[in-house]
Structure formats: structure tokens, C-alpha cells
Amino acid sequence: MLRNASELTIVRIGSDITYSSLKKIGKGIVDSFRGIIRRIDLSHHETPVVESLDAQLLTMILDEEYGGHTLGITDADLKTEDEDEFYSSILGGKNPDNDVAVVSTKKLAPSRIGSKREYDIFIGRTLKVSLHEIGHNLGLTDHAAYQPAYDGLLCPMSRGEINKFGYRGYIKVIVDGRGVNFCDECVDFLDTFYGYRRCSEKLLKDGLTVSPN
């Protein structure tokens, strides 16, 4: 289990997502992990403008630079070494050898963001994928079935089948179908190991730090 779950560093890789958007996602994470994550620091990692990044290498770089509970968010495509080209591009991932998870917004954004509704869709999708990957950091596992939470929406840990829908269909059916509340199974796990609470303490550091590299 994650030893210091209460603090999370969200690292922006690239500059496509704004600081205010990171704050909004951070608040959503604190609200969903009620009382488990109590402090979020925001940081920026300088990187050349690239189309894609190796997901595992990125988690190792972030672990070396930040250490501890970390979520990286990038607008670049995240790649793996999977021989199947379809599965070599991922929405997010977690390195089992450290406490770093990463999320790509590449496929999550609508074709254009010209209205509040389109912006909210983008933030909502990024938050839901982030909740899924942070859930893995905390020890939660995927639900292969479409597991609902108490509000009727899918649990953030619901995975479904990517190859059944294709990426565009998967985002609309699974990611958009997820809520921000966890199912009873996940809540029981989080309560047992971390003390999941109905009310959370909210502390979001009001400042964006920039990595020296």
C-alpha cells in the first residue's frame, strides 16, 4: 500500500493544460478520495514539444525528480512497448515499481474547445482517467465489468474493453460513463487501508512550482 497517500503532486508535462484547469482537476481528486488525499501540490516539468512519450520512461523520470505520490498530465501521446499498435497508445498508466501515474489528454479533448460545455467535457474526462490511475496507485484494481457506484454512474475503476469500441467509442461509453464516486467494493478497500471518509479536508497549494530541469 502507498505509505504517504495524503499528499499528491500533480505535474504538468508540456503547457497545453492551464494552471486553473490543474487546480480544478486537483479539487476533484481531493473530493473523490474523501479524506485520503488532503494536500495537492502543482508543478511543471519542462520538456521538448513532442508528439509522444514513452509512458514507463516518463514515470521513472517523474519518480526521480519528485518521488512519492505523483500524477503526471501531458498533452503528448503515451506509448508502451506493446507489439499490438492499438494497445501501444494509452490514456493513462501506473508504474508498479514506483508511486507515479501518468495521464495523456491527447485523445480526451473534444475536436475543438470553444464553449464551456466542451471545456467541462475535457476537464471531466481528464479527472476521471486521473482518478482511475491514482486508484491504481492506492492499490485498487480494474473492474472488467461495468461496475456502478451508488449514483448509478460507472465506478472510476471500471475499465471495459477498449478493443470493443475503439478509442473514440471507448471514451464516449466508458470514460464519459464513469462518475467521480467509487463503488462499494472500492470504498470498502479504501476505508480498510486508508480511512476513507464522508467529509474531506481540502488543501490545495496555491502556486505552481517549476522543475529546474
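The values are calculated or read from the model by the stated rules, or taken from the named source; none is laboratory data. These numbers come from a predicted model, not from an experiment. Ideal geometry is used to build each Cβ from the backbone, glycine not excepted, and the neighbour counts take in all protein chains shown.
What the table below lists for this structure:
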{"quantity": "Some residue of segment 138-161 being modelled with pLDDT under 90, more than 25 Å from Val11 (Cα to Cα) and either assigned to a helix (DSSP H, G or I) or of a type in the set (Asp, Glu) (or both)", "calculated": "yes"}
{"quantity": "Subset of segment 1-14 [in contact (Cβ under 8 Å) with a residue 12 or more places away in the chain and either over 17 Å from Pro48 (Cβ atoms) or in a loop (DSSP other than H, G, I, E, B) (or both)]", "calculated": "Met1, Leu2, Asn4, Ala5, Ser6, Glu7, Leu8, Thr9, Ile10, Gly14"}
{"quantity": "Any hit, segment 76-90, residues being under 25 Å from Leu190 (Cβ atoms) and not acidic (Asp, Glu)", "calculated": "yes"}
{"quantity": "Residue in segment 24-51 that is surrounded by the most Cβ atoms within 10 Å (Cβ to Cβ), counting only those that are without any contact (Cβ under 8 Å) to a residue 40 or more places away in the chain and β-branched (Val, Ile, Thr)", "calculated": "Thr47"}
{"quantity": "Members of segment 165-182 that are of a type outside the set (Phe, Trp, Tyr) and either touching a Cys at 6+ places or on another chain (Cβ under 6 Å) or closer than 20 Å to Lys106 by Cα (or both)", "calculated": "Gly166, Arg168, Gly169, Ile171, Lys172, Val173, Ile174, Val175, Asp176, Gly177, Arg178"}
{"quantity": "Of all residues in segment 122-167 being of a type in the set (Ser, Thr, Tyr) and surrounded by 21 or more Cβ atoms within 10 Å (Cβ to Cβ), the one that is nearest to Val102 (Cα to Cα)", "calculated": "Ser130"}
{"quantity": "Filter result (touching a Gly at 6+ places or on another chain (Cβ under 8 Å) and farther than 16 Å from Val129 by Cβ) within segment 1-49", "calculated": "Met1, Leu2, Asn4, Glu7, Thr9, Gly35, Ile36, Ile40, Leu42, His45, Thr47, Val49"}
{"quantity": "Failed criterion for Tyr119 (all others in (1) surrounded by fewer than 22 Cβ atoms within 10 Å (Cβ to Cβ); (2) part of a strand (DSSP E or B) hold)", "calculated": "(2)"}
{"quantity": "Residue within segment 107-115 that is touching a Leu at 6+ places or on another chain (Cβ under 9 Å) and not small (Gly, Ala, Ser) present", "calculated": "yes"}
{"quantity": "Scope segment 114-143; condition in contact with a strand residue (DSSP E or B) (Cβ under 7 Å, 6 or more places away or on another chain) and among the basic types (Lys, Arg); matching residues", "calculated": "Lys128"}
{"quantity": "Of all residues making up segment 168-184, the number that are in a helix (DSSP H, G or I) and either surrounded by 15 or more Cβ atoms within 10 Å (Cβ to Cβ) or touching an Asp or Glu at 6+ places or on another chain (Cβ under 9 Å) (or both)", "calculated": "5"}
{"quantity": "Scan of segment 15-51 for residues that are in a strand (DSSP E or B) and of a type outside the set (D, E, K, R), ordered by number", "calculated": "Ile40, Leu42, Ser43, His44, His45"}
